[in-house]
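Quick note: the coordinates plus some simple rules give every number you see, no bench work behind them. Predicted model only: the values in this text are computed from it and were never measured. Counting neighbours? That spans all protein chains shown, and the Cβs are built from the backbone with ideal geometry, glycine included.
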Amino acid sequence: MNNLSLFLDVFIAGIVLVVAGLGIAIWLAPKSFNLQKGEPYECGIPTHGTSWMQFKVGYYLYAILYLMFDVETIFLFPWSTVVRDLGYTGLYSIIFFIIILGLGLAYAWKKGVLKWS
């Protein structure tokens, strides 16, 4: 069995399992049709006025920065498992990666993204 057929088998199995799980959940889920289910509310208290409001852009910037550094630090875990096999080339590449991370953080800091005002 070559790599392509193995990949296709796993991919098709993944799609079948996801579709089957969703189908079973929809089929077994209790169904209740009520007009109040479609109304927006918060904490059980009906809303007054419109439900749409604007948020400060600072919240989005913090979320984006968190996701960026979270995903980038996840790349460090596979590297740490094979660090001895990679040798100096792997060490230099991860140092370069961490320097780029630091430059991104310094840029965000200099731009004032991290100030909460």
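Name the longest site-free stretch of the chain, where the excluded sites are trypsin sites (Lys or Arg not before Pro) in a DSSP loop with no more than 15 other beta-carbon atoms within 10 Å. Counting only loop sites that pass the neighbour cut-off, the longest clear stretch is 57-114.
For region 3-111, build the charge dipole from Cβ charges (+1 Lys, Arg; -1 Asp, Glu) around the Cα centre, then report which of Leu28, Asn3, Leu91 sits farthest towards its positive end. Going by the Cα projections, it comes out as Leu91.
Of the chymotrypsin sites (Phe, Trp or Tyr not before Pro) in region 82-117, the ones in a loop by DSSP (not H, G, I, E or B) with at most 15 other beta carbons within 10 Å are Trp116.
When the chain is modelled as a GNM with alpha-carbon springs shorter than 10 Å, which of Val19, Val71, Val82 fluctuates the most? Its mean-square fluctuation being the largest, the pick is Val19. Among the listed values (i) 20, 17, 13; (ii) 41, 33, 9; (iii) 40, 21, 9, the one matching semi-axes √(5λ) of the Cα gyration tensor in Å as calculated from this structure is (ii). Dipole size of the chain about its Cα centre, with +1 on Lys/Arg Cβ and -1 on Asp/Glu Cβ: approximately 380 debye, rounded to the nearest 20.
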